[in-house]
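Visitor: To start, I am sharing the structure in question, which I have written as structure tokens.
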Amino acid sequence: MRISAKDVDQSLLVNEIAAFLKKSGRITLPDWVDLVKTAPYKELAPTDPDWFYIRAAAIARHLYIRSPAGVGAFRKVFGGRQRNGSRPSHFVLASSGIIRKCLQALEEMKWIEKHPKNKGRILTSTGRRDLDRLAAQVFKKCPSLIMKNCGSRK
């Protein structure tokens, strides 16, 4: 049975991809990674020191599931509700600089490339192969968490 990234739990897969990205050392962190918030609606910067790897892993997984996607699409995906005190809340897009740097880092790894016709990025065969390999590792750790075709857990 062949396991793909669509078959395993997404949170476990993203954590496995992030650990791989950190361990491989193929992504260089920007200098400002410990100073920024991930979106204007956030009050604080991320507390996890590995948040950049997790964001890059989530972007790679999202491109596996649904591609092509560009910076604007990922701003919507990672956007959220801005609380305005006594005024009504509104949806706010995420920061584009962080997403752009994650996409550039994944392009340097040859996991993604720019779509030749449409705007946005797509996953390369190398990226798809590596994500499938990491999904198989997640499945070996927790075989009971395989997803059914309907999306529910066994």
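Readers should treat all values here as calculations from the given coordinates under stated rules, not as data from a laboratory. In this text the structure is predicted, and so the values were computed from the model without any measurement. We place every Cβ from the backbone using ideal geometry, glycine too, and count neighbours over all the protein chains shown.
Visitor: Between residue 91 and residue 9, what is the FRET efficiency for a Förster distance of 30 Å, r being their Cβ-Cβ separation, to the nearest 0.05?
Guide: My answer for the efficiency is 0.65.
Visitor: In region 1-50, what chymotrypsin sites (Phe, Trp or Tyr not before Pro) fall in a loop by DSSP, with at most 12 other Cβ atoms inside 10 Å?
Guide: Qualifying residues, ordered by number: 32.
Visitor: Right, next: Tell me, what ³J(HN,Hα) does each residue in region 118-132 have, in order and in whole Hz, if you take phi through Karplus 6.51 cos²θ - 1.76 cosθ + 1.60 with θ = phi - 60° and put x for Gly and Pro?
Guide: Ordered by residue, 3J(HN,Hα) equals 8, 6, x, 10, 10, 7, 7, 5, 5, x, 5, 5, 5, 5, 5 Hz.
Visitor: Okay, next question. In the Gaussian network model of the chain, springs joining C-alpha atoms below 10 Å, which of 124, 47, 28 carries the largest mean-square fluctuation?
Guide: The residue that fluctuates most here is 47.
Visitor: To continue, here is another question. Under 20 Å from a label point 7 Å along Cα→Cβ of residue 122: give me every residue in region 54-81 with its amide N that close.
Guide: Residues passing the 20 Å test: 59-74.
Visitor: So what's the gap between the Cα centers of region 57-76 and region 86-102, to the nearest angstrom?
Guide: 15 Å
Visitor: Quick one: which residues, 5+ away or cross-chain, put their amide H under 5 Å from the amide H of residue 120? H built at 1.01 Å from N.
Guide: The answer is 115.
Visitor: List the relative contact order of the chain as a percent without decimals, with contacts defined as Cα pairs under 8 Å and 6+ residues apart.
Guide: 31 percent
Visitor: For region 33-110, which GluC sites (Glu not before Pro) are in a loop by DSSP, counting at most 16 other Cβ atoms within 10 Å?
Guide: The qualifying sites are 43.
Visitor: Same structure again: In terms of Cα to Cα distance under 28 Å, which lysines are near enough to residue 6, apart from those fewer than 8 places away along the same chain?
Guide: Within the straight-line limit of under 28 Å, residue 6 reaches these lysines: 22, 23, 76, 101, 110, 114, 117, 119, 140, 141, 148, 154.
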